[in-house]
Amino acid sequence: MNDVSTNSPVAQRPAHVTDAVTYDFDMFGDAAYVADPHKRILDLVKNAPPIFWTPRNGGHWMLMTHSANFHASRDTEGFSSEIVPQAMIKAMMAKMPPGSPHIPQPLPITIDPPDHTAYRMPLQRAFSPKAMLGLQKSIRELAVDLIEKMKAKGGGNFVDEVAEPMPVQIFLKMFGLPLERQQEYRTLVKEHMEGNQNHDPRAIVARMLKLTSIMRETVLERKENPQDDLISMLWQSEINGKPTTLADLENYCVVLFTAGLDTVVNGISHGVLHLAKNPDLQRELRANPEKIHGASEELLRRYTFTVPLRRIAKDLNFQGVEMKTNDRVMLFLPAADLDSSEYPEAERYDLQRQNSVHIAFGVGPHRCLGSHLARLELQIVYEELLARVPEFRLDPDKPVTYHGGHVVGPDAVWLRWN
Amino acid sequence: MKIKIDKASCVGNARCAAVSPELFPLDEDGYIAVTEIDVPPGMEALARRGARACPERIIIVVED
Ligand code: HEM
Ligand code: SF4
């Protein structure tokens, strides 16, 4: 059933990888995965080793269990987020001719403690639960506006109508960027999401440079004329005791753009897709809106969809498996949250679950900075959708298709009602 | 009953505070603000639920 033709070429297996821990799975191209990702994940959880090496996409480890993901995420000395070590990046930058453009980096995602902490701290307060409460009203207004527009059309592709414009507009608002340029940012988000399949580093750098050039004018303007927005606040912050520079500001723009937009798009889309397939759940939540909060958490667990990357920073034996320096590791969180030793009958969507503490937002120091914002966006969209749109279902003429990769999700979710 | 928290390992999930903002106070940046809490009588169940809610598993309940 696995159509091998969509898979990437097979890499040579390193000597330290044994047969017992080798398993062939292409997280970008596996046909069954792209046809129905979480169905395939349940199959992998049952049939693949708990930690395995796959020869696809250059060869890398996959961590499947909750325990493996939990411990690897918290061991930043063994499992480094510096896919290219910062020391090497610094050396490369030093060799560039003077006047070369600053190549933005998504910090703090790709830097290890202790510097990680220094880069994360300036963002922490702006994304704290308390700060998010202040955004609640404008998120709700935006959700209502988008949902009413889709409703007026009598149906549509929920991804394009609501899931995608929503986080982009919130991003612009938080940053204090002009809403008139929304279209430019939405185009970039689209390119970014499509680029998910093509991980050519030059294409990634080109997109980052495009983003920073669109934002530069506003960023520089806020340095002179601070306002009540994130850019102005970041200009007033310090990193390791030094005032932030234009390069720091550009790094922050890039990290929030890459981490905070397509994640939310995919998260909302997974949730609405599940609701569309389950009219009983819709009915239960419409009758008891106070259950939506728990329902949203269980959707995050059942359809965990991000796959962070690590580099082994020293030879180690991890839960009985030999790993060598510079091996690449996927924290396959979608499988961790479907681990039945942690969540009995993990495949069941269950609002009564005893243990509903998932790791969809990761674990350890890199745990999602934007989780409070994301939770708010998800919950509000479900609330307003259920309150405003009658029982909806998938449009049978437009089957759902998916993408794999680091952010797994549906490409389109066509809804119908009446 | 007491709660002990490995504060240095807190990553600011605020899941504990989502269960009970009174028992689990956060600082301005969203991290847990305390290392030890005496659970007032009647709040034991909330304390246990808050401890279970921490994805980092750094909140420990010490029963009397
Ligand atoms: C449902 C939506 C989201 C999910 C599932 C999600 C998931 C994650 C995960 C798993 C990580 C850990 C990555 C790692 O360990 O390497 C992460 C990190 C991060 N997320 Fe999110 N995220 C979401 C939404 C957001 C939003 C809305 C923002 C901001 C506006 C955001 C900003 C970040 C940042 C900045 C990091 C890096 C933190 C660090 O390295 O210290 N995320 N996210
Ligand atoms: S739930 Fe755990 S990690 Fe999160 S704020 Fe509370 S103590 Fe910290």
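Taking the centroid of alpha carbons for each part, region A:50-69 and region A:322-361 are 13 Å apart. Restriction of the GluC sites (Glu not before Pro) in chain B to DSSP coil positions whose beta-carbon has at most 14 other beta-carbons within 10 angstrom yields B:22, B:28, B:63.
For chain B versus region A:180-252, the inter-centroid distance based on Cα atoms is 36 Å. Can you classify the protein assembly as shown as rounded, prolate or oblate using the Cα gyration tensor, where a ≥ b ≥ c are the square roots of its eigenvalues, rounded means a/c under 1.5, and otherwise it's prolate if a/b beats b/c and oblate if not? Rounded, since a/c falls under 1.5. For the residues A:54, A:306, a 1.4 Å probe over the protein chains yields an accessible-area ranking, largest first, of A:306, A:54. Calculated mean residue ellipticity at 222 nm for the protein assembly as shown: -13000 deg cm²/dmol, from DSSP H runs with n ≥ 4 weighted as -39500 (n - 2.57), summed, divided by the residue count and rounded to 500.
Within the set of other residues whose C-beta is less than 14 Å from the C-beta of residue A:300, count the net charge using Lys and Arg as +1 and Asp and Glu as -1.
+1
So the label point goes 7 Å from the Cα of residue A:173 along Cα→C-beta, right? Which residues of region A:370-386 then have their backbone N under 15 Å from it? Flagged as within label range: A:373-382, A:384. Of interest is the spacing of the C-alpha centroids, which for region A:267-318 and region A:113-134 amounts to 24 Å.
Which of the listed residues, A:175, A:50, A:65, is farthest toward the dipole's positive end in the protein assembly as shown, when Lys, Arg count +1 and Asp, Glu count -1 at the beta-carbon? Farthest towards the positive pole: A:175.
The values are calculated or read from the model by the stated rules, or taken from the named source; none is laboratory data. Quantities reported herein were computed from a predicted structural model and do not represent experimental measurements. Cβ sites come from the backbone with ideal geometry, for glycine too, and all protein chains shown count toward neighbours. We work out accessible area using only protein heavy atoms, side chains counted, and drop any ligands, DNA or RNA first. Shrake-Rupley method; radii C 1.70, N 1.55, O 1.52, S 1.80 Å.
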